[in-house]
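The values are calculated or read from the model by the stated rules, or taken from the named source; none is laboratory data. Everything numeric in this text was worked out from a predicted model, so none of it was measured. Cβ placement follows ideal geometry from the backbone for every residue including glycine, while neighbour counts extend to all protein chains displayed. In case anyone asks, the SASA skips ligands and DNA or RNA and just uses the protein heavy atoms, side chains included. Shrake-Rupley method; radii C 1.70, N 1.55, O 1.52, S 1.80 Å.
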Amino acid sequence: MNVNSLIIGIVGGMGPLATVDLFRRLVEAFPSERDWEKPHIIVDSYSTIPSRVRAVLYDEKKSEVVDCLAASIRHLQDMGAQKIIVGCHTAHIFLPEVLSRLQCREDCVLNIIDSAVIYCAHAGYRSIRLLASEGTVQTKIYTMAFERVGIDIINPTEEEQIQIRSCIEAVKQNLITDEAIRSFQNLIKMDENPVLLGCSELPVMYESIQNKGICFGNDIIDPFQIVIDDLSGINEIKRYE
(Lines give C-alpha, C1' and ligand atoms only; values in the text may rest on other atoms or scores of the structure.)
Protein backbone atom coordinates (compact mmCIF):
# COMPACT_ATOMS: atom_id res chain seq x y z
CA MET A 1 0.00 0.00 0.00
CA ASN A 2 1.29 3.45 -0.98
CA VAL A 3 2.24 5.46 2.14
CA ASN A 4 0.69 8.60 0.65
CA SER A 5 -2.70 6.87 0.50
CA LEU A 6 -2.36 4.94 3.78
CA ILE A 7 -4.55 6.06 6.68
CA ILE A 8 -3.78 4.40 10.01
CA GLY A 9 -6.09 4.60 13.02
CA ILE A 10 -5.19 4.02 16.67
CA VAL A 11 -7.75 3.08 19.32
CA GLY A 12 -5.79 4.67 22.13
CA GLY A 13 -5.95 6.08 25.63
CA MET A 14 -5.30 2.68 27.23
CA GLY A 15 -3.24 4.29 28.72
CA PRO A 16 -2.58 7.71 27.20
CA LEU A 17 1.22 7.71 27.57
CA ALA A 18 1.45 4.28 25.94
CA THR A 19 -0.61 5.72 23.08
CA VAL A 20 1.85 8.61 22.74
CA ASP A 21 4.66 6.06 22.51
CA LEU A 22 2.80 4.02 19.88
CA PHE A 23 2.07 7.14 17.80
CA ARG A 24 5.70 8.28 17.98
CA ARG A 25 7.00 4.90 16.87
CA LEU A 26 4.55 4.78 13.97
CA VAL A 27 5.72 8.19 12.78
CA GLU A 28 9.39 7.18 13.10
CA ALA A 29 8.80 3.93 11.20
CA PHE A 30 8.28 5.80 7.92
CA PRO A 31 11.53 7.65 7.09
CA SER A 32 10.96 10.79 5.04
CA GLU A 33 12.43 14.18 4.24
CA ARG A 34 9.06 15.98 4.22
CA ASP A 35 6.00 15.92 6.46
CA TRP A 36 3.69 14.96 3.62
CA GLU A 37 5.66 11.79 2.96
CA LYS A 38 4.42 10.35 6.27
CA PRO A 39 1.17 8.35 6.45
CA HIS A 40 -2.03 9.93 7.69
CA ILE A 41 -2.47 8.75 11.32
CA ILE A 42 -5.65 9.29 13.32
CA VAL A 43 -5.44 8.82 17.10
CA ASP A 44 -8.55 8.36 19.24
CA SER A 45 -7.21 8.69 22.79
CA TYR A 46 -10.29 7.21 24.42
CA SER A 47 -9.08 7.28 28.02
CA THR A 48 -12.57 6.95 29.51
CA ILE A 49 -12.92 3.35 28.32
CA PRO A 50 -13.37 1.36 31.56
CA SER A 51 -10.59 -0.91 32.80
CA ARG A 52 -10.12 -3.87 30.50
CA VAL A 53 -8.38 -5.83 33.27
CA ARG A 54 -11.29 -5.34 35.70
CA ALA A 55 -13.74 -6.28 32.95
CA VAL A 56 -11.86 -9.57 32.53
CA LEU A 57 -11.22 -10.34 36.20
CA TYR A 58 -14.51 -9.17 37.73
CA ASP A 59 -16.87 -8.83 34.73
CA GLU A 60 -16.98 -5.13 35.67
CA LYS A 61 -18.49 -2.88 32.95
CA LYS A 62 -17.66 -5.48 30.29
CA SER A 63 -20.52 -4.42 28.01
CA GLU A 64 -19.39 -0.79 28.29
CA VAL A 65 -15.82 -1.78 27.31
CA VAL A 66 -17.15 -3.57 24.22
CA ASP A 67 -19.41 -0.61 23.36
CA CYS A 68 -16.53 1.86 23.67
CA LEU A 69 -14.10 -0.21 21.60
CA ALA A 70 -16.71 -0.66 18.86
CA ALA A 71 -17.50 3.07 18.90
CA SER A 72 -13.83 4.01 18.59
CA ILE A 73 -13.20 1.64 15.68
CA ARG A 74 -16.38 2.86 13.94
CA HIS A 75 -15.28 6.47 14.46
CA LEU A 76 -11.85 5.78 12.96
CA GLN A 77 -13.46 3.98 10.02
CA ASP A 78 -15.78 6.92 9.42
CA MET A 79 -12.68 9.14 9.25
CA GLY A 80 -11.17 6.92 6.58
CA ALA A 81 -8.81 4.65 8.54
CA GLN A 82 -7.83 1.61 6.47
CA LYS A 83 -5.65 -0.10 9.08
CA ILE A 84 -6.59 0.15 12.75
CA ILE A 85 -4.42 -0.75 15.75
CA VAL A 86 -6.11 -1.36 19.11
CA GLY A 87 -3.56 0.03 21.57
CA CYS A 88 -4.15 -2.41 24.44
CA HIS A 89 -3.28 -6.10 24.63
CA THR A 90 -6.07 -6.95 27.09
CA ALA A 91 -8.62 -5.23 24.84
CA HIS A 92 -7.95 -7.88 22.19
CA ILE A 93 -9.87 -10.35 24.35
CA PHE A 94 -13.03 -8.47 23.40
CA LEU A 95 -12.21 -8.09 19.68
CA PRO A 96 -14.38 -11.01 18.41
CA GLU A 97 -17.46 -9.49 20.08
CA VAL A 98 -16.49 -5.98 18.98
CA LEU A 99 -15.91 -6.95 15.35
CA SER A 100 -19.20 -8.87 15.21
CA ARG A 101 -20.93 -5.49 15.60
CA LEU A 102 -19.01 -3.78 12.83
CA GLN A 103 -18.91 -3.95 9.08
CA CYS A 104 -15.28 -3.83 8.04
CA ARG A 105 -12.78 -5.72 5.96
CA GLU A 106 -11.25 -8.72 7.70
CA ASP A 107 -7.78 -7.16 7.71
CA CYS A 108 -8.86 -3.65 8.73
CA VAL A 109 -8.35 -4.15 12.48
CA LEU A 110 -4.84 -5.50 12.97
CA ASN A 111 -4.63 -8.17 15.64
CA ILE A 112 -1.29 -7.74 17.42
CA ILE A 113 -1.53 -11.19 19.00
CA ASP A 114 -1.92 -12.93 15.65
CA SER A 115 0.96 -10.86 14.26
CA ALA A 116 3.18 -11.87 17.19
CA VAL A 117 2.35 -15.56 16.67
CA ILE A 118 3.29 -15.45 12.98
CA TYR A 119 6.48 -13.51 13.71
CA CYS A 120 7.60 -15.82 16.54
CA ALA A 121 6.82 -18.99 14.60
CA HIS A 122 8.86 -17.62 11.69
CA ALA A 123 11.71 -16.86 14.14
CA GLY A 124 11.70 -20.48 15.35
CA TYR A 125 11.02 -19.80 19.05
CA ARG A 126 9.94 -22.82 21.11
CA SER A 127 9.13 -21.08 24.40
CA ILE A 128 8.50 -17.45 25.33
CA ARG A 129 8.16 -15.74 28.70
CA LEU A 130 5.16 -13.43 28.92
CA LEU A 131 5.11 -10.16 30.86
CA ALA A 132 1.54 -8.88 30.82
CA SER A 133 -1.40 -7.60 32.87
CA GLU A 134 -3.41 -9.93 35.05
CA GLY A 135 -6.31 -9.84 32.59
CA THR A 136 -4.18 -10.83 29.62
CA VAL A 137 -2.49 -13.63 31.58
CA GLN A 138 -5.65 -15.09 33.13
CA THR A 139 -7.61 -15.29 29.88
CA LYS A 140 -4.67 -17.20 28.32
CA ILE A 141 -5.17 -15.28 25.09
CA TYR A 142 -1.44 -15.52 24.30
CA THR A 143 -1.10 -19.08 25.61
CA MET A 144 -3.88 -20.42 23.38
CA ALA A 145 -2.70 -18.49 20.32
CA PHE A 146 0.90 -19.67 20.63
CA GLU A 147 -0.07 -23.27 21.42
CA ARG A 148 -1.52 -23.51 17.90
CA VAL A 149 1.99 -23.14 16.46
CA GLY A 150 3.74 -25.28 19.08
CA ILE A 151 5.22 -22.44 21.15
CA ASP A 152 5.00 -22.62 24.96
CA ILE A 153 4.12 -19.49 26.92
CA ILE A 154 5.71 -19.14 30.37
CA ASN A 155 3.35 -17.05 32.49
CA PRO A 156 4.48 -14.84 35.41
CA THR A 157 4.43 -16.18 38.95
CA GLU A 158 2.24 -14.37 41.49
CA GLU A 159 5.26 -12.47 42.78
CA GLU A 160 6.33 -11.49 39.26
CA GLN A 161 2.76 -10.38 38.47
CA ILE A 162 2.90 -7.91 41.36
CA GLN A 163 6.15 -6.49 39.99
CA ILE A 164 4.69 -6.26 36.48
CA ARG A 165 1.65 -4.39 37.77
CA SER A 166 3.95 -1.97 39.60
CA CYS A 167 5.89 -1.31 36.38
CA ILE A 168 2.68 -0.78 34.39
CA GLU A 169 1.37 1.70 36.95
CA ALA A 170 4.72 3.55 36.98
CA VAL A 171 4.29 4.26 33.26
CA LYS A 172 0.59 5.13 33.55
CA GLN A 173 1.37 7.68 36.25
CA ASN A 174 4.49 8.94 34.44
CA LEU A 175 6.56 8.08 37.51
CA ILE A 176 9.28 5.79 36.15
CA THR A 177 11.69 5.64 39.08
CA ASP A 178 15.08 3.94 39.29
CA GLU A 179 13.42 1.35 41.53
CA ALA A 180 10.81 0.59 38.84
CA ILE A 181 13.55 0.28 36.22
CA ARG A 182 15.54 -2.13 38.40
CA SER A 183 12.41 -4.19 39.03
CA PHE A 184 11.67 -4.45 35.30
CA GLN A 185 15.30 -5.19 34.53
CA ASN A 186 15.20 -8.12 36.95
CA LEU A 187 11.98 -9.43 35.38
CA ILE A 188 13.63 -9.57 31.96
CA LYS A 189 16.81 -11.19 33.28
CA MET A 190 15.01 -14.12 34.99
CA ASP A 191 16.27 -16.59 32.33
CA GLU A 192 17.41 -16.71 28.71
CA ASN A 193 13.98 -17.23 27.16
CA PRO A 194 12.69 -14.60 24.72
CA VAL A 195 10.50 -12.09 26.55
CA LEU A 196 7.19 -10.88 25.13
CA LEU A 197 6.08 -7.42 26.27
CA GLY A 198 2.37 -8.12 26.61
CA CYS A 199 1.17 -4.74 27.85
CA SER A 200 1.30 -1.41 26.00
CA GLU A 201 3.08 0.29 28.92
CA LEU A 202 5.97 -2.17 29.01
CA PRO A 203 7.75 -0.96 25.83
CA VAL A 204 7.89 2.48 27.47
CA MET A 205 9.57 0.91 30.50
CA TYR A 206 11.90 -1.06 28.26
CA GLU A 207 12.94 2.10 26.40
CA SER A 208 13.76 3.72 29.75
CA ILE A 209 16.14 0.82 30.43
CA GLN A 210 17.71 1.12 26.97
CA ASN A 211 18.23 4.85 27.50
CA LYS A 212 20.40 3.95 30.48
CA GLY A 213 22.59 1.81 28.24
CA ILE A 214 21.42 -1.48 29.75
CA CYS A 215 21.38 -4.44 27.34
CA PHE A 216 20.02 -7.97 27.65
CA GLY A 217 20.88 -11.35 26.19
CA ASN A 218 17.17 -12.18 25.76
CA ASP A 219 15.28 -11.48 22.57
CA ILE A 220 12.61 -8.88 23.34
CA ILE A 221 9.32 -9.27 21.45
CA ASP A 222 7.00 -6.28 21.19
CA PRO A 223 3.80 -7.15 19.28
CA PHE A 224 3.11 -3.47 18.57
CA GLN A 225 6.53 -3.07 16.99
CA ILE A 226 5.88 -6.16 14.87
CA VAL A 227 2.70 -4.57 13.50
CA ILE A 228 4.46 -1.23 12.98
CA ASP A 229 7.26 -2.96 11.09
CA ASP A 230 4.73 -4.88 9.01
CA LEU A 231 2.98 -1.66 8.04
CA SER A 232 6.21 0.12 7.16
CA GLY A 233 7.56 -2.86 5.22
CA ILE A 234 10.51 -3.63 7.53
CA ASN A 235 9.50 -7.20 8.37
CA GLU A 236 10.30 -10.02 5.99
CA ILE A 237 6.75 -11.31 6.47
CA LYS A 238 4.67 -8.82 4.50
CA ARG A 239 0.97 -9.39 4.95
CA TYR A 240 -0.56 -5.95 4.50
CA GLU A 241 -0.57 -5.36 0.75
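Stretch Glu37-Leu17 to full length: gain in nm at 0.36 nm per residue minus the Cα-Cα span? Mind dumping the intermediate values first?
On the way: separation 20, 0.36 × 20 = 7.20 nm, distance 2.53 nm.
Fully extending the segment from Glu37 to Leu17 adds 4.7 nm.
For Lys83, the lysines whose Cα falls under 29 Å of its own Cα, not counting residues fewer than eight places away in the same chain, are Lys38, Lys61, Lys62, Lys140, Lys172, Lys238. For Kirkwood radius over Cα pairs in Å, computed directly from the structure shown, the correct entry in (i) 20.3; (ii) 20.8; (iii) 18.3 is (iii).
Please work out whether segment 1-140 counts as rounded, prolate or oblate from its C-alpha gyration tensor, where a ≥ b ≥ c are the square roots of the eigenvalues and a/c under 1.5 means rounded, while otherwise a/b larger than b/c means prolate and anything else oblate?
Numbers: a/c = 1.74, a/b = 1.26, b/c = 1.38.
Because a/c hits 1.5 or more and a/b fails to exceed b/c, segment 1-140 counts as oblate.
Note on Lys189: aspartates and glutamates with a C-alpha under 14 Å away, same-chain residues under 8 apart excluded, are Glu160, Asp219.
Legend note: in the chain, cysteines whose Cβ sits 4.7 Å or more from every other cysteine Cβ are Cys68, Cys88, Cys120, Cys167, Cys199, Cys215.
Atom-type composition of the exposed protein surface of the chain places 48 percent of the accessible area on carbon and sulfur (1.4 angstrom probe). Protection proxy ranking of 215-221, 129-135, by the mean of other Cβ atoms within 10 Å over each peptide's residues and highest first, is 129-135, 215-221. In percent, what relative contact order does the chain have, based on Cα pairs under 8 Å that are 6 or more apart in sequence? 21 percent.
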